[in-house]
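In what follows, a structure is listed as structure tokens, so that the remarks can point back to it.
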Amino acid sequence: MKIAIVCYPTFGGSGVVATELGLALAKKGHEIHFITYKQPVRLALLTKNVHFHEVNVPEYPLFQYQPYELALSSKLLTVIKQHKIDILHVHYAIPHAYAGYMAKKMLKEEGIEIPMVTTLHGTDITLVGSHPLYKPAVTFSINKSDVVTAVSENLKQHTLELFQVKKTIEVIPNFIDLQKAHPEFTDCQRSQMAEDHEKIITHISNFRKVKRVGDVIKIFYKIQEKIPARMLMVGDGPEREIAEKLSRRLGIEDRVMFLGNSNEIEKILCFSDLFLLPSETESFGLSALEAMAFGVPIISTNTGGLPEVNQDGVSGFLSDVANIQQMAENGIYILSDPHIHKSFKANAKNVAAKFNIHEIVKKYEAVYESSFSNLLT
Ligand code: GMT
């Protein structure tokens, strides 16, 4: 199949999922066309089956806001026609599903019908999409998609509660390429980050408010009182400065390293002993799944789709949002006994294996097939 994928090219989870899915589909022989404003961060190589089309929005002094949706829908029209694309798969409803629908309408005028699959990722529903300013357009775009998927059961339920959705929403969870977390991966360089007797605790996110990075620092503060440890803060965003200030205020700045955005997530997870994700909400928690695939136990909150990923008492522990004390105690429990740590590490890997990319890609292929019949009815 020839598939056009629209996504955000940045470090966010939805862009990562879209890119990894496209690459996996390309490996299976599908022809993939990524259409977005910048080459996606995880898209290192363009090959025979992987193409990238950049959406340029020309500056014009009249526009206070550059009309990205307009440029995107025009680009979609051009690419779909030129490359005879079979399926349009948009990740993140805003504004991709909206622009996709416009492209579909324009194409129909020219006698071309193409199904649109919309994948909802979370913040497009929970944080942004439900705002009264966007809600009518988001509802419309969801209902005009030929197939709608959500990355967790929780996100599906949330979408049905928040929007008047007339479509069936199919749950296709996010996934992990277990090959990338293979056991013979030896390039860990743990010694660069910590002494042998110290544990390495990691947090990876976009440092937005919803991630509660202040809680990460507070949890780490309590853990390092009991266990020698270092904290790796990976990513960047608006709350980074607050977290940096807090670690200085708590006097642990020499134990907390802010690494910024990284393309070396695999290396970092390879030497991590524990992963903290105390988010306010999380439709899925892809970073937790990535950590689990490397055998890193997870201390997370129990909101959103997190319980579908992190199994309480198995791959890690779940706590109520802001329950810093309990999250710290759970972290200490896992790290303080090598046998317990080992068993949580093995469990984390086993749970992650359920999200094997090969199985999930098959589900998307089935969705693509079904989208043709949806279009015909
Ligand atoms: O919050 C983020 O990390 C970014 C955001 C995005 O849109 O990329 O992530 C959302 O989609 C990810 C991929 O499906 C999910 O793993 C994240 O849980 C979800 N974030 C939230 O729901 C807050």
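The sole residue among Ala137, Ala194 that is assigned to a loop (DSSP other than H, G, I, E, B) and buried (at least 17 other Cβ atoms within 10 Å of the Cβ) is Ala194. For region 1-22, filtering for residues that are away from the ligand (no atom under 16 Å from the Cβ) and either over 21 Å from Met116 (Cβ atoms) or of a type outside the set (D, E, K, R) (or both) leaves 3. Looking across Ile227, Ile268, Ile200, one residue alone is within 23 Å of His341 (Cα to Cα), at pLDDT below 95 and surrounded by fewer than 23 Cβ atoms within 10 Å (Cβ to Cβ). It is Ile268.
Taken over region 290-306, the criterion of being without any contact (Cβ under 8 Å) to a residue 40 or more places away in the chain and away from the ligand (no atom under 12 Å from the Cβ) is satisfied by Asn302 alone.
Going by the conditions given, is Glu241 more than 23 Å from Pro307 (Cβ to Cβ) and free of Cβ contacts under 8 Å to residues at least 12 places away in the same chain? Spelling it out, Glu241 is indeed more than 23 Å from Pro307 (Cβ to Cβ) and free of Cβ contacts under 8 Å to residues at least 12 places away in the same chain.
Given the criteria in contact with a Phe, Trp or Tyr (Cβ under 6 Å, 6 or more places away or on another chain), at pLDDT 95 or above and within 16 Å of the ligand (Cβ to nearest atom), does Ile334 qualify? It is false that Ile334 is in contact with a Phe, Trp or Tyr (Cβ under 6 Å, 6 or more places away or on another chain), at pLDDT 95 or above and within 16 Å of the ligand (Cβ to nearest atom). Looking at the structure I just gave you, is Thr149 at negative phi, at pLDDT 95 or above and not in a helix (DSSP H, G or I)? Yes; evaluated as a whole, the condition is true for this residue. When Ala366 is tested against (1) in a strand (DSSP E or B); (2) assigned by TED's automatic domain parsing to the domain that holds Ile32; (3) among the aliphatic types (A, V, I, L, M), exactly one condition is not met: (1). Picking from residues in region 216-227 that are assigned to a helix (DSSP H, G or I) and either among the hydrophobic types (A, V, I, L, M, F, W, C) or within 20 Å of Asn261 (Cβ to Cβ) (or both), the one that is farthest from the ligand (Cβ to nearest atom) is Ile223. Selection of region 249-289 for residues being within 16 Å of the ligand (Cβ to nearest atom) and of a type in the set (Asp, Glu) yields Glu280, Glu282. Just checking, how many residues over region 120-141 are within 16 Å of the ligand (Cβ to nearest atom) and either modelled with pLDDT under 85 or not hydrophobic (A, V, I, L, M, F, W, C) (or both)? Qualifying residue count for the region: 13.
I want to confirm something. Restricting to region 140-150 and keeping residues that are of a type in the set (A, V, I, L, M, F, W, C) and under 19 Å from the mean Cα position of the chain (by Cα), which single residue is surrounded by the fewest Cβ atoms within 10 Å (Cβ to Cβ)? For region 140-150, the residue satisfying everything is Val148. Within region 238-265, being surrounded by 18 or more Cβ atoms within 10 Å (Cβ to Cβ) and of a type in the set (Gly, Ala, Ser) holds for Ala243, Ser247. Among the residues here, Phe258 does not qualify as modelled with pLDDT under 95, in contact with a strand residue (DSSP E or B) (Cβ under 6 Å, 6 or more places away or on another chain) and in the same structural domain as Lys209 (by TED's automatic domain parsing). Return the residues of region 165-191 that are at pLDDT below 95, surrounded by 12 or more Cβ atoms within 10 Å (Cβ to Cβ) and of a type in the set (S, T, N, Q); say none if nothing qualifies. Scanning region 165-191 gives a single hit, Gln189. Residues considered: Val165, Val213. Of these, the only one that is of a type in the set (Val, Ile, Thr) and within 16 Å of the ligand (Cβ to nearest atom) is Val213. Residue check: is Ile125 closer than 30 Å to Ile324 by Cα and assigned to a loop (DSSP other than H, G, I, E, B)? Considered against the rule, which asks whether it is closer than 30 Å to Ile324 by Cα and assigned to a loop (DSSP other than H, G, I, E, B), Ile125 comes out as yes. Of all the listed residues (Val117, Val90), the sole one being away from the ligand (no atom under 14 Å from the Cβ), within 19 Å of the chain's Cα centre (by Cα) and under 23 Å from Ile169 (Cβ atoms) is Val117.
Test Glu153 against the stated conditions and say whether it is touching a strand residue (DSSP E or B) at 6+ places or on another chain (Cβ under 8 Å) and surrounded by fewer than 16 Cβ atoms within 10 Å (Cβ to Cβ). Judged against the criteria, Glu153 is a match.
Condition check for Glu308 on (1) closer than 16 Å to Asn347 by Cα; (2) acidic (Asp, Glu); (3) crowded, with 24+ Cβ neighbours inside 10 Å: one failure, at (3).
The values are calculated or read from the model by the stated rules, or taken from the named source; none is laboratory data. Everything numeric in this text was worked out from a predicted model, so none of it was measured. As a convention, Cβ positions derive from the backbone with ideal geometry for all residues, glycine included, and neighbour counts pool all protein chains shown.
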